[in-house]
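**Student:** Would you mind keeping the following structure in view while I ask a few things?
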Amino acid sequence: KNRDTRRRERATPTPPQLAFAWRMMYVVDSGEPVRIDILKTRQSGFSWIVCQAIYWFIGFRDNLQSLIVSHEKPTTQRIFQYMKETWEQLPDEIRPARDTSNRNELWLRNKDEAARRDGDPGLDSKGIVDTAGKDFAGSGDAIQVVLADEVGKWDKVCDPETVYTSMVNAVQGEVGTAVFRASTACGAGTFWHSEWRAHLDGHERAS
């Protein structure tokens, strides 16, 4: 939606969004699991573009599950709404069957139980959401795609290392999986700040 008019219009990705999409597809094409950290500015549209990436995984492939976790429930659900709107706006010929769609779940499977029994289950892929205040987010689920959003704010609501570790441990290190971490800066000494600095230091040593 246009931020000013609130009307729907064709999206025009910005150069930073295109750089992210190019990087993700480069990794996918290289046959590697996707692992991308994003230090973003406010209102930069990265939550939207990452949700398009997540839908690209679960909306065209069978038996995949994604998990979106942010620091608070309203933010998580707002981000999740981007992905559900993507499903709604797709042309009929590429829109998969949908069983349920609510504030916490998008289940892309055939709603007709008889059709499922007759061999037409649909994709049977699913997108779910959770909040960082739950220490064991993702535990017990088979998850292939993860978005950890606004990680810089997690220190205020949880032990961020515990929550993030729980999430990524649910994702196998295989081709076709993706882990995205995205956050605005939120002060020094946070888990996000420490992780970002460690990655920068490692990159400098590798160079």
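**Student:** Restricting the search to the range 39-71, which residues are surrounded by fewer than 17 Cβ atoms within 10 Å (Cβ to Cβ) and of a type in the set (D, E, K, R)?
**Tutor:** Selection gives 42, 61, 62.
**Student:** Further question: When both residues are 6+ apart or on different chains and their Cβ atoms are under 9 Å apart, which pairs have a first residue that lies in the range 170-199 and is more than 13 Å from residue 160 (Cα to Cα) and assigned to a helix (DSSP H, G or I), and a second that is open to solvent by less than 30 Å² (accessible area, probe 1.4 Å) and small (Gly, Ala, Ser)?
**Tutor:** Cβ pairs passing all conditions: 196/152; 196/183.
**Student:** A further question on this structure: If I filter the range 110-129 down to residues being outside any strand (DSSP E or B) and open to solvent by less than 50 Å² (accessible area, probe 1.4 Å), which single residue comes out as modelled with the highest pLDDT?
**Tutor:** Within the range 110-129, the match that is modelled with the highest pLDDT is 123.
**Student:** Answer with yes or no whether residue 87 is free of Cβ contacts under 8 Å to residues at least 60 places away in the same chain, farther than 30 Å from residue 190 by Cβ and part of a strand (DSSP E or B).
**Tutor:** no
**Student:** Checking the condition open to solvent by less than 60 Å² (accessible area, probe 1.4 Å) and more than 30 Å from residue 162 (Cα to Cα), which residue from 97, 132 passes?
**Tutor:** Just a single option satisfies the conditions, and that option is 97.
**Student:** Could you check the range 10-38 and list, in sequence order, the residues that are open to solvent by less than 50 Å² (accessible area, probe 1.4 Å), in contact (Cβ under 8 Å) with a residue 12 or more places away in the chain and within 16 Å of the chain's Cα centre (by Cα)?
**Tutor:** Listed by number, the residues that qualify are 17, 20, 21, 24, 33, 34, 36, 37, 38.
**Student:** Sticking with this one: Would you confirm whether or not the range 66-86 contains a residue that is more than 17 Å from the chain's Cα centre (by Cα) and β-branched (Val, Ile, Thr)?
**Tutor:** no
**Student:** For the range 143-168, enumerate the residues that are in contact (Cβ under 8 Å) with a residue 24 or more places away in the chain, in a helix (DSSP H, G or I) and not small (Gly, Ala, Ser). Break it down into steps so the answer makes sense when it comes.
**Tutor:** Filtering the range 143-168 for residues in contact (Cβ under 8 Å) with a residue 24 or more places away in the chain gives 143-164, 166-167.
Restricting the remaining residues to those that are in a helix (DSSP H, G or I) gives 151-156, 160-164, 166-167.
If the condition is that a residue be in contact (Cβ under 8 Å) with a residue 24 or more places away in the chain, in a helix (DSSP H, G or I) and not small (Gly, Ala, Ser), then 151, 153, 154, 155, 156, 160, 161, 162, 163, 164, 167 are the ones that fit.
The values are calculated or read from the model by the stated rules, or taken from the named source; none is laboratory data. The structure presented is a predicted model; accordingly, all values stated were derived computationally and were not measured. A quick note on method: Cβ atoms are made from the backbone with ideal geometry, for glycine too, and the neighbour counts reach across all protein chains shown. For the accessible areas, the whole protein counts, side chains as well, though only heavy atoms, and no ligand, DNA or RNA atoms are used. Shrake-Rupley method; radii C 1.70, N 1.55, O 1.52, S 1.80 Å.
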